[in-house]
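Encoded as structure tokens, the structure appears first; notes follow it.
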Amino acid sequence: MGSAACAGVCAQWEHLCMCVGIPACLRTPPLPFNLLLVLSCGRMFIAVLPVQIVMQRSASTLKRLSLELGGNAPLIVFPSADIGMAVDGCMLTKFRNSGQTCVCANRIYVHDSVHDEFVARLAEKVSQLKVGNGFEEGVDIGPLINERAVEKVDSLVQSSVAAGAKVLVGGGHHALGGSFYAPTLLTGVASDMPCVREEIFGPVASIIRYGQGMSVRDSEEAVLKQANASKAGLAAYFFSEDYRQMWRVSQRLQYGIVGANEAAVTMDVVPMSGRKESGVGVEGSHHAFHDYTEHKYICMGGNLDARAP
């Protein structure tokens, strides 16, 4: 799970638990981050277990499983990047579904030489996002899943601001109230701030300037080290017009999904998988079936031709 709650879980939780007789003391939503929820209404089976326990119990009988457990996706803007393309890509991967997807960019690293232009253009677009009911025409940003999610996002923003980050756009609850949060742009963000260490899962873009006083090659090494310094490894994005760099960086990013000059990376015909603690196995494409199939080798001997009718 990319968040402490998933859409629809809380609404159905009480009813489903009552149907299968789970005691009231064990059915209080929302679920902690490290719990895996498995619902199978047809079989009347519900399990709420830590992911590690699911893997341990699968191991005892060598059962296969696949887990997609979210990420803390980095987005890197290199000096050679097309800034317009990078800004548009950042808007797409950061603010889609109000920032509530497991592949949303969470840590945005921008090279010192293009930082100011990128931030200015991004701020203009973020300030133009319309917040409201998603069924209304022209709305870009809808609500977060619940008010608890809003409080979590705001806590990450405020604690990061207290640590030295600057609010360029937004920075708090939206005037609509409820579970709406204002699209936010933070600058002056450092790698040790809460909005970088934790997955935000909300409409907050955190800009980390890198490469000050470094050569281009040294700055690439430094930013790759920062981008890979995460337990998560689901998705990563970068923008560059240097094709040698594109191949080099794509190979060195420790993520199962890499978007090079592209933010719309997910589709049903491609295999998507995580690295490190972002899960095991594959979803999407025919490769997703491989985790649940077995290879069999059959060797037939004898003089079969002689026995043919």
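The values are calculated or read from the model by the stated rules, or taken from the named source; none is laboratory data. Because the structure is a prediction, the values reported are computed rather than measured. Neighbour counts run over all protein chains shown; Cβ positions are idealised from the backbone, glycine included. Quick note on the areas: whole protein, heavy atoms, side chains included, nothing else; ligands and nucleic acids left out. Shrake-Rupley method; radii C 1.70, N 1.55, O 1.52, S 1.80 Å.
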Among all residue pairs at least 6 apart or on different chains, which show Cβ distances below 9 Å where the first residue, located in region 120-139, is closer than 17 Å to residue 93 by Cβ and part of a loop (DSSP other than H, G, I, E, B) and the second is open to solvent by 60 Å² or more (accessible area, probe 1.4 Å) and of a type outside the set (Val, Ile, Thr)? 129/140
List the residue pairs whose Cβ atoms are under 9 Å apart, where the first residue sits in region 153-172 and is farther than 26 Å from residue 117 by Cβ, the second is acidic (Asp, Glu) and at pLDDT below 95, and the two are 6 or more positions apart or on different chains. 156/198
Conditions (1) over 24 Å from residue 133 (Cα atoms); (2) among the small types (Gly, Ala, Ser); (3) in contact with a Pro (Cβ under 6 Å, 6 or more places away or on another chain); (4) surrounded by fewer than 23 Cβ atoms within 10 Å (Cβ to Cβ); number of the one not met by residue 160: (4)
Applying the selection to region 245-295, what residues are surrounded by fewer than 18 Cβ atoms within 10 Å (Cβ to Cβ) and either modelled with pLDDT of 95 or more or among the polar types (S, T, N, Q) (or both)? 247, 248, 250, 251, 252, 254, 260, 261, 262, 266, 285, 293
For region 260-280, state whether one or more residues are free of Cβ contacts under 8 Å to residues at least 40 places away in the same chain, closer than 26 Å to residue 216 by Cα and in contact with a Ser or Thr (Cβ under 9 Å, 6 or more places away or on another chain). yes
Which residues, taken from region 199-211, are open to solvent by 10 Å² or more (accessible area, probe 1.4 Å) and closer than 17 Å to residue 98 by Cα? 199, 201
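Going by what's in this entry, would residue 113 be described as at pLDDT 95 or above and in a loop (DSSP other than H, G, I, E, B)?
On the way: at pLDDT 95 or above: yes; in a loop (DSSP other than H, G, I, E, B): yes.
Taking the combined requirement at face value, the residue satisfies it.
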Consider residue 302 carefully, then state whether it is touching a Phe, Trp or Tyr at 6+ places or on another chain (Cβ under 6 Å) and not polar (S, T, N, Q). no
For residues that are under 11 Å from residue 131 (Cβ atoms) and assigned to a loop (DSSP other than H, G, I, E, B), scanning just region 180-189, find the one that is most open to solvent (accessible area, probe 1.4 Å). 180
Those residues of region 141-157 which are open to solvent by 50 Å² or more (accessible area, probe 1.4 Å) and touching a Phe, Trp or Tyr at 6+ places or on another chain (Cβ under 7 Å), in sequence order: 143
When region 214-244 is checked residue by residue, the ones that are open to solvent by 60 Å² or more (accessible area, probe 1.4 Å), outside any helix (DSSP H, G or I) and either closer than 30 Å to residue 67 by Cβ or at pLDDT below 95 (or both) are 229, 231
Subset of region 95-136, residues under 28 Å from residue 278 (Cβ atoms), small (Gly, Ala, Ser) and crowded, with 17+ Cβ neighbours inside 10 Å, comes to 98, 99, 105
A careful count of residues in region 56-82 that are at pLDDT 80 or above, assigned to a helix (DSSP H, G or I) and either buried (at least 16 other Cβ atoms within 10 Å of the Cβ) or not polar (S, T, N, Q) (or both) gives 1
